[in-house]
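Below you'll find the structure, written out as structure tokens, and then a few comments.
Every number here is computed from the coordinates shown, using simple stated rules; none is lab data. This structure is a prediction, so every number in the text was calculated from the model and none was measured. Positions of Cβ are generated from backbone atoms using ideal geometry, with glycine treated the same way; all protein chains shown enter the neighbour counts.
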Amino acid sequence: MPKGDSVAAVLERLGRSLLSHETGPVGEAQLFEHVTILSPVDDVPIPARAMVLGVGVHGARGIVQLLERIGDAGATALVVRGPAEIDVEVHARAMQASVSVLSLVGGASWLRLATLLQPRSAGGDDPWAAVGTADTELDLFKIANSLSGLLDAPVTIEDRDSRILAFSADQVRADEARKASVLGQQVPGVYQTPLTDQGIFHRLYASARPVFIEPFMRGAKPRVAFRVSAADELLGSIWAVSEEPLSPVHEQAMMEAAHVAAIAMLRSRIAADAAHRMRLATVAALLQGGQPAWQAAQKLSAPRTVTGGYVLAAGLTHDGRVPVTATAGLDHVAGSLTMLLRGELPSAVCALLGDTIYGIVPTYADEPADLATVRRLATGFVQRLGRDWRGLVIGIGAPVHHLTDLNRSRDDADLVLRVLRCSAAGAGTPPLRLATREDVYGRSLVLRLSDLLAGETLPHVGPLDRLRAYDRTHDAALLQTLRCWLDNFGDISAASEILHVHKNTLRYRLKRITEVTGVDLTDAEMRFELMLQFRLDS
């Protein structure tokens, strides 16, 4: 079976909604194996059998010039922004080069198109191996430093969320706002707010030329900024600290740098998105156990043959202390946890599945599972998380000796995570934030027993149900009294002090409890059953 995907198959899947065939050969024989982003100014090698996304290509002449380049390289197809200008020369060159010319509907995202093309365009065991970059040397930091040299000014490149993607090496000349942004790799909110309130972002994104920005707050220096976009798709912005507006020559240099940065940002985002999907697929397969886990383990960058492993499950307690919006950032937490674990356990992999972060730590035949290291790293991780993540808890599953049994370790980690979530929502001792099954063994048994009871279909009325009904009818507190007395191991003095009642009042209530329920509170077995029922109810 031929490797790659065909242009005809792509048109069948994406035609009308995204792509249209303009000219050139099209059919099952038009196969491509790579997706490459290319601009008219790129002077870089183009892989053979590539689907080339011609970002920024305009007019029939621009299409012809690009067809000449990619045709000589053996590319299969060219995609340009629609409506495409197709004349006789374009048609002749496309047929001569055997290149299909397609148009992307106006307003559609280049990134979205590349994402849709990637999984089917690659072959072999790793379906993301062909994620395309025509120029591996294209680097945002190089762009920032080059522009800084031309403008003689500190430069940063940011995404739409004001995250710092790259910066020039001369930030010592910048102001405190810039230095804080570079150090934190994010423009702090205290600096973002005035930029938004004063309409600076709106001016920046609406302007076709670099915008000069007066000091927007005390201590800030003037800036010049320009949007970074690929055709009509806004990607971010490029900033230079400058005491005065740029000259026309320097403006043109910034605009050209922004164009090159757009190509680099698109490529970087596509590669990151592909790696993210690959990580999700790998983690999901490993957690499944069986043959899928064994096959997925072959793709891990492990120094030795992986034989087994264990699973971590992390999630929020949802106990009211954590903002609902915090769940939106769990994917970033998963990435941070991956980086932390890989510092000492290079083969570890993490991904967010649903509302749970799963981490898998492989083990090898010649060494035992290193739970101590994972416990130390994970404990430090939850302690260092900010206030918005104080409700994050982590359950560690038991190690398994065979990859095909990783689903059992996942079940174990899921159970521990449930226990930690329930414990955080309940009263009593301060909740654990990280645990193994041994740490919460008793509570895990109670939780599993509650699952069994939840499946009961026949109604049963026990002693606690009778006390609950009695309290509602007589406005009494017998249920609370019994719980407090049991929690204090039958200590009349301690229980009466907590309930703020006289000892004789407590003794009377205990006698009344016996009369209402018919239970013998002097029976140790009965007391245990009552305590267990209280735990199950909670």
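Specify whether the C-alpha gyration tensor of the stretch 5-121 places it in the rounded, prolate or oblate class, a ≥ b ≥ c being the square roots of the eigenvalues: rounded for a/c under 1.5, otherwise prolate if a/b is larger than b/c and oblate if not.
rounded
Go ahead and run the numbers for FRET between Glu68 and Tyr205, Cβ-Cβ distance against an R0 of 35 Å, rounding to 0.05.
Result of the calculation: an efficiency of 0.50.
What does the charge add up to near Leu151, with Lys and Arg as +1, Asp and Glu as -1, over the other residues with Cβ less than 13 Å from its Cβ?
That works out to -4.
Report ³J(HN,Hα) in whole Hz for each residue of the stretch 331-346, in order, from the Karplus equation J = 6.51 cos²θ - 1.76 cosθ + 1.60 where θ = phi - 60°; Gly and Pro get x.
5, 5, 4, 4, x, 5, 5, 4, 4, 5, 5, 5, x, 10, 10, x
Can you compute the FRET efficiency between Glu85 and Asp331 using 1/(1 + (r/R0)^6), with r the Cβ-Cβ distance and R0 = 30 Å? Round to the nearest 0.05.
Calculated transfer efficiency: 0.15.
List the residues whose amide H sits under 5 Å from the amide H of Leu102, counting only those 5 or more places along or on another chain, with H placed 1.01 Å from N in the peptide plane.
Glu22, Leu78, Val79, Val80
So for the pair Leu183, Phe528, with labels modelled 7 Å out along Cα→Cβ, what separation do we get in nm?
Placing both labels 7 Å beyond Cα along the Cβ direction yields 6.0 nm.
Rounded to the nearest 500, what is the chain's calculated 222 nm mean residue ellipticity when only DSSP H runs of at least 4 contribute -39500 (n - 2.57) each, over all residues?
One gets -15000 deg cm²/dmol as the mean residue ellipticity at 222 nm.
Relative to the present Cα-Cα distance, how much length would full extension add between Val249 and Tyr508 at 0.36 nm per residue of separation?
Fully extending the segment from Val249 to Tyr508 adds 83.8 nm.
Just one of (i) 28.4; (ii) 23.3; (iii) 25.8 is Kirkwood radius over Cα pairs in Å calculated from these coordinates, so which is it?
(i)
Where does each of Asp465, Asp355 land when they are ranked from fewest to most other beta-carbon atoms within 10 angstrom?
Asp355, Asp465
I'd like the FRET efficiency for Ala284 and Ser98, computed as 1/(1 + (r/R0)^6) with the beta carbon distance as r and R0 of 41 Å, rounded to 0.05.
After rounding, the FRET efficiency stands at 0.55.
Using amide H atoms built 1.01 Å from N in the peptide plane, name the residues 5+ places from Ile37, or on other chains, whose amide H lies under 5 Å from its own.
Under 5 Å from the amide H of Ile37 lie the amide H atoms of Leu53, Ala134, each far enough along the sequence or on another chain.
Could you calculate the contour length gain from Asp366 to Glu515, that is, 0.36 nm times the residue separation minus the distance between their Cα atoms, to one decimal place in nm?
Stretched out fully, the Asp366 to Glu515 stretch lengthens by 47.3 nm.
How would you order 283-295, 84-96 from highest to lowest mean count of nearby Cβ atoms within 10 Å?
283-295, 84-96
Assuming a ≥ b ≥ c are the square roots of the Cα gyration tensor eigenvalues, decide whether the stretch 140-267 counts as rounded (a/c under 1.5), prolate (otherwise, with a/b larger than b/c) or oblate.
Verdict is rounded for the stretch 140-267.
If you take every DSSP beta bridge fully contained in the chain, what fraction is antiparallel? Give it as a percent rounded to 5.
Here the antiparallel bridges make up roughly 70 percent for the chain.
Pulled fully out, how much extra length does the chain show between Asp170 and Asp537, if you take 0.36 nm times their separation in residues and subtract their Cα-Cα distance?
Extending this stretch completely gives an extra 125.8 nm.
How far is it, in nm, from the label point at Phe489 to the one at Ser146 when both lie 7 Å from their Cα along the line to the Cβ?
It works out to 7.5 nm between the two label points.
Relative contact order for the chain: what percent, with Cα pairs under 8 Å and sequence separation of 6 or more?
RCO, the chain: 9 percent.
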